[in-house]
1. When both residues are 6+ apart or on different chains and their Cβ atoms are under 7 Å apart, which pairs have a first residue that lies in segment 242-270 and is more than 17 Å from residue 112 (Cβ to Cβ), and a second that is at pLDDT 60 or above and assigned to a loop (DSSP other than H, G, I, E, B)?
2. Could you go through segment 325-340 and let me know if any residue there is out of contact with any strand residue (DSSP E or B) (no Cβ under 6 Å at 6 or more places or on another chain) and at pLDDT below 85.
3. Checking residue 327 against (1) out of contact with any helix residue (DSSP H, G or I) (no Cβ under 6 Å at 6 or more places or on another chain); (2) surrounded by 15 or more Cβ atoms within 10 Å (Cβ to Cβ); (3) without any contact (Cβ under 8 Å) to a residue 40 or more places away in the chain: exactly one of these is not met. Which one?
4. Go through the residues of segment 220-239 one by one and say whether even a single one is more than 30 Å from residue 82 (Cβ to Cβ), touching a residue at least 40 places away in the same chain (Cβ under 8 Å) and under 16 Å from the mean Cα position of the chain (by Cα).
5. Can you tell me which residue in segment 191-219 is surrounded by the fewest Cβ atoms within 10 Å (Cβ to Cβ), limited to those that are under 10 Å from residue 232 (Cα atoms) and without any contact (Cβ under 8 Å) to a residue 24 or more places away in the chain?
6. If I ask for residues that are part of a helix (DSSP H, G or I) and either within 23 Å of residue 166 (Cα to Cα) or at pLDDT 95 or above (or both), which ones from segment 49-65 would you list?
7. Tell me which of these residue 68 doesn't satisfy, since it passes every other one: (1) part of a loop (DSSP other than H, G, I, E, B); (2) surrounded by 19 or more Cβ atoms within 10 Å (Cβ to Cβ).
8. Scan segment 103-118 and give yes if some residue there is surrounded by fewer than 20 Cβ atoms within 10 Å (Cβ to Cβ), outside any loop (DSSP other than H, G, I, E, B) and free of Cβ contacts under 8 Å to residues at least 40 places away in the same chain, otherwise no.
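The values are calculated or read from the model by the stated rules, or taken from the named source; none is laboratory data. Small disclaimer: the values here were computed from a predicted structure and weren't measured. A quick note on method: Cβ atoms are made from the backbone with ideal geometry, for glycine too, and the neighbour counts reach across all protein chains shown.
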């Protein structure tokens, strides 16, 4: 393609930037992240009126929807883990009841609910609350991402995060605690992929147990060492299948719950996009020089694509594109659509981003399939 030589020259020029320039831009990016997140911090967590420097910032009064649901579910689990899906032992507060029904509150697999309960307990004991623990997850994810980008294509980090308005809302207000936990686990697996293949495989099994989002990674099962493959299967079976026999109501999470949004046709459209995308990804992984880091990074995309289309909720796809990509393609797609939304919110609302992102991701895989030589290294 005619643009490819130009893109390679620009990439080489950016990657050769002086270390001092990189550090300055990274510092600027973290400052932008903090400034764009501050207006999304709820007063219930930190009251800016008591901090003169921040007193002029308008805040939401209470926690975001995901925080509210996770707090309730954590109390349920801490009261009686056997009740985590039936939720008969703990009543909702008026705010919790007005935000979610009991059935809609945190409909996640057991490992996610147990982990959230542990974070809630630690947060209460330390004084930062569950909100503070989720913020720490966000900081951990962004820090690990910055470290990874600093050793691959450093310029992708500011490209992705200088515009933090939407992600600031998701991370600092709504919180998306379940996604942040999975992002931390998957990014940890990514950082270990070059030297600790076995640990990476097992961490990806844990990620599946947490949220099903990385289910596609199971296609790598036959490339694992036999012992690790057995452990991988055992972890997934114990985390995904066995709970069916121990918790009433757990199957609701496997059927995506009755509270999911979207038209009935969304299921068929989601499958019509996600299935061929998965097949194309499988083909590219085996014909192009995709190493373990690539496979970890792309593993969340197929299921995220299905959920985004099924529920008409772009966050399910956009969150999967935040996993660092040493080639820059996935992150570049996310940066582009978030930039379009920030620049033209009335023309390109987030709901309209789904077909744009889906089309671009297909395009990226097609480029890999047609243009990357099997012997070429893109490290």
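1. 248/85; 248/86; 261/312; 261/313; 262/312; 266/312
2. The answer is no; no qualifying residue exists.
3. (3)
4. Step one: of segment 220-239, the residues more than 30 Å from residue 82 (Cβ to Cβ) are 220-229.
Then drop every residue that is not touching a residue at least 40 places away in the same chain (Cβ under 8 Å), which leaves 220.
Checking the rest, the ones that are also under 16 Å from the mean Cα position of the chain (by Cα) come to none.
No, the conditions are met nowhere in segment 220-239.
5. Once the filter is applied, the top-ranked residue is 218.
6. Applying the first criterion (part of a helix (DSSP H, G or I)) to segment 49-65 yields 49-50, 52-54, 65.
Hits for segment 49-65 are 54, 65.
7. Unmet condition: (1).
8. Applying the first criterion (surrounded by fewer than 20 Cβ atoms within 10 Å (Cβ to Cβ)) to segment 103-118 yields 103-104, 114, 118.
Going one step further and asking which of them are outside any loop (DSSP other than H, G, I, E, B), we end up with 114, 118.
Narrowing further to those that are free of Cβ contacts under 8 Å to residues at least 40 places away in the same chain: 114, 118.
Yes, segment 103-118 has at least one match.
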